[in-house]
Amino acid sequence: MQTQPDHEKLRLYSEAKLTLANHLRVMREAFTSMGRASLERQCGELMARLAEDRFTLAVIGQFKRGKSSLINAILRKEILPTGVLPLTSAITILNYGPKERIVVEKYNSVFPEELPTEALSDLVTEKGNPGNQKRIKSVRIEFPNSFLRRGIEFVDTPGIGSSILANTTTTYNFLPECDAVLFVTSMETPMTSLELEFLRDIQAFVKKIFFVVNKADLLGDEERGSILRFVTGMIRKEFGSETINIFPVSALSGIKARLTADHELYRKSGIGPLEDALTTFLSDEKMNTFLAAVAQKAIRMLDGEEILGKLKESLQYFNEGSNNSKITEYHRMERHTLLSSKNDNQKTFIGSSFKSKVPDIPSDLDTRGCPVCKHMTECAADYFIHWQNKIATDEKAQEFFAAEHGFCPMHTWQLLAVTSPLGASLGFPILADRLAQELQTIRHDNHSAMWIRNLVPDNGNCRICESLRDAETNYLKGLAEYIGDECGLQDYLNSQGVCLHHLGGLAELVPYPDTVKRLISQASEYLQGTSEDMRNYSLKRDALRRYLLNTSEEDAYLRAIVHIYGDRMVCMPWPRDRYI
């Protein structure tokens with residue numbers, strides 16, 4: 001028995017939602033290009049509905065039923081305070097966040113206040129905040145949790161029936177905000193008249209109620225069975241249904257099992273079946289209603305749009321969402337198609353729509369850096385501009401990019417330098433999905449370390465590195481040909497020349513030993529000149545004579561470094577045998 005529930009269904013729901021969002025994005029772009037402003041706006045509204053997707057699951061019940069302990073057990077963390085005194089009349093909301101923090105909203109304050117989680121007890125307990133003297137309206141707790149990550153919002157409400165009348169009022173006022181409810185009673189005094197009355201009121205606002213009988217560990221099997229039969233009968237009579245499910249649990253045992261990884265205690269706590277029921281409901285029933293409703297609206301927008309017929313066919317999987325397996329099947333099918341892409345087709349696709357920059361050697365020789373590096377930098381910039389558009393808008397390009405595992409680390413960061421956060425967020429998910437799948441595949445392999453190292457491209461198998469090697473080779477060949485006659489050679493000798501990295505490659509291509517000697521002499525003289533310029537710069541700065549500095553002295557250190565090591569945008573640890 002695992003001490004954590006299987007959240008695969010919730011993950012599939014999240015992926016299905018994002019797949020539907022991608023279809024809507026394609027529709028919006030198509031309607032934009034067609035000048036259909038009204039349909040474009042409607043697509044945006046549907047995307048907003050998907051983006052706002054949040055499910056509020058409130059834990060409700062009478063005072064001292066163990067509601068906070070139950071939430072702690074489900075979320076696998078003792079984050080909510082528990083004790084003998086009731087909570088104050090404040091709503092406590094738990095949702096996903098990258099780090100733990102609490103955000104406090106007060107009745108007498110316009111702006112929320114962020115506080116450390118250690119301050120929670122002083123805000124939501126009667127001991128720390130008697131009578132809610134601090135005027136707390138709500139406390140939102142954010143922390144990383146896989147259950148909350150899927151857009152679920154847990155809400156701990158003040159218990160009804162305590163001596164603090166404001167608690168009952170607060171809970172009743174929150175009922176319209178709930179999407180589903182965990183109604184908690186206990187083995188000690190199950191289903192009081194107050195609880196039955198509260199249940200009748202809940203039904204006016206919420207259709208889905210999970211019935212939990214807490215503190216099951218306090219009684220033996222026979223007594224526990226009798227109480228469960230009593231509670232089940234009462235609820236079935238109240239709701240007029242024979243299909244009511246009751247979940248007997250021990251929240252305290254559940255959280256203890258979480259913290260100690262005690263499998264047997266977790267099984268006895270009864271938390272597992274409750275979590276499974278919640279997961280099934282949130283993934284299946286929510287998907288069937290919410291995603292299907294959005295898909296149906298999108299399908300109606302496509303009526304009569306023959307050019308988008310294929311997209312309409314894809315949306316039918318979501319519209320027929322009464323069968324959750326159809327959506328899951330469709331999503332898995334799309335993933336399989338992506339992950340089985342062939343490299344031969346990728347190379348054809350990537351190379352077919354991009355043309356390298358044509359070298360302009362006479363103009364490049366006027367640069368103050370290395371002309372070969374300059375050409376390669378311009379080629380790389382063109383490539384990045386081409387790709388940042390492709391991965392943001394072209395699904396096929398995203399698939400091919402993922403199949404090749406993207407670019408090497410340096411060129412990935414250079415790509416991001418010209419890509420917006422939105423463009424990156426559109427282009428990189430498929431790559432992340434593919435790598436996640438491949439990691440799952442190799443995790444049991446005895447040579448997994450070797451496979452992991454191969455997941456990130458290096459300069460030997462990076463698409464841009466390959467392109468720049470070709471650009472470098474072609475440019476050096478063109479430059480060697482250009483200085484083959486005296487006129488071109490003089491142009492070169494009057495320039496700053498190439499960096500040492502490319503001088504070696506150029507020397508291998510020039511067939512005349514005397515010409516090679518002249519190239520080397522020119523490089524020596526150039527570096528000697530930069531050395532003098534750097535010394536002059538230091539002297540004039542130290543002597544407080546900055547106004548005497550000239551341009552060559554001010555950038556001498558940069559020119560020297562470029563001509564020794566190459567331009568920083570293309571400097572890479574390439575093997576020496578890859579010049580040509």
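Assorted remarks:
- Those residues of region 547-568 which are free of Cβ contacts under 8 Å to residues at least 60 places away in the same chain and either touching a His at 6+ places or on another chain (Cβ under 6 Å) or more than 20 Å from Ala381 (Cβ to Cβ) (or both), in sequence order: Tyr547, Leu548, Leu549, Asn550, Thr551, Ser552, Glu553, Glu554, Ala556, Tyr557, Ala560, Ile561
- Note on region 76-158: no enclosed strands (runs of 3 or more DSSP E) hold 1 or more residues that are on the phi > 0 side of the Ramachandran plot and of a type in the set (A, V, I, L, M, F, W, C).
- Search result, residues across region 218-260 that are out of contact with any strand residue (DSSP E or B) (no Cβ under 8 Å at 6 or more places or on another chain), of a type in the set (Val, Ile, Thr) and surrounded by 18 or more Cβ atoms within 10 Å (Cβ to Cβ): Ile255
- Among the candidates Ala261, Ala251, residue that is on the phi > 0 side of the Ramachandran plot, in the same structural domain as Glu78 (by TED's automatic domain parsing) and not charged (D, E, K, R): Ala261
- Test: Asp221 is farther than 24 Å from Glu177 by Cα, touching a Ser or Thr at 6+ places or on another chain (Cβ under 8 Å) and without any contact (Cβ under 8 Å) to a residue 60 or more places away in the chain: no
- Of the helices (runs of 4 or more DSSP H) lying entirely inside region 435-546, those carrying at least 1 residues that are of a type in the set (Lys, Arg) and surrounded by fewer than 16 Cβ atoms within 10 Å (Cβ to Cβ) are 448-453, 463-482, 513-542.
- For region 378-389, a residue qualifies if it is surrounded by fewer than 20 Cβ atoms within 10 Å (Cβ to Cβ) and either in contact with a Gly (Cβ under 9 Å, 6 or more places away or on another chain) or within 18 Å of Asn461 (Cβ to Cβ) (or both), and the qualifying residues are Gln388, Asn389.
- Scanning region 201-221 for residues that are more than 12 Å from Thr185 (Cβ to Cβ) and part of a helix (DSSP H, G or I) gives Asp201, Ile202, Asp217, Leu218, Asp221.
- The single condition among (1) in a helix (DSSP H, G or I); (2) among the polar types (S, T, N, Q); (3) under 24 Å from Gly272 (Cβ atoms); (4) in contact (Cβ under 8 Å) with a residue 12 or more places away in the chain that Thr169 does not satisfy is (3).
Residue by residue, here is whether (1) polar (S, T, N, Q); (2) in the same structural domain as Leu265 (by TED's automatic domain parsing); (3) more than 34 Å from the chain's Cα centre (by Cα) holds:
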| residue | (1), (2), (3) |
| --- | --- |
| Gly151 | no, yes, no |
| Val155 | no, yes, no |
| Thr168 | yes, yes, yes |
| Arg200 | no, yes, yes |
| Gly220 | no, yes, yes |
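Yes/no per residue for (1) touching a residue at least 12 places away in the same chain (Cβ under 8 Å); (2) of a type in the set (Asp, Glu); (3) surrounded by 15 or more Cβ atoms within 10 Å (Cβ to Cβ):
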{"residue": "Glu105", "(1), (2), (3)": "yes, yes, yes"}
{"residue": "Glu113", "(1), (2), (3)": "no, yes, no"}
{"residue": "Lys137", "(1), (2), (3)": "yes, no, yes"}
{"residue": "Gly151", "(1), (2), (3)": "yes, no, yes"}
{"residue": "Val155", "(1), (2), (3)": "yes, no, yes"}
{"residue": "Phe174", "(1), (2), (3)": "yes, no, yes"}
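The values are calculated or read from the model by the stated rules, or taken from the named source; none is laboratory data. Note that the structure is a prediction, hence the values are computed from the model and not measured. Cβ: placed from backbone, ideal geometry, glycine included. Neighbour counts: every protein chain shown.
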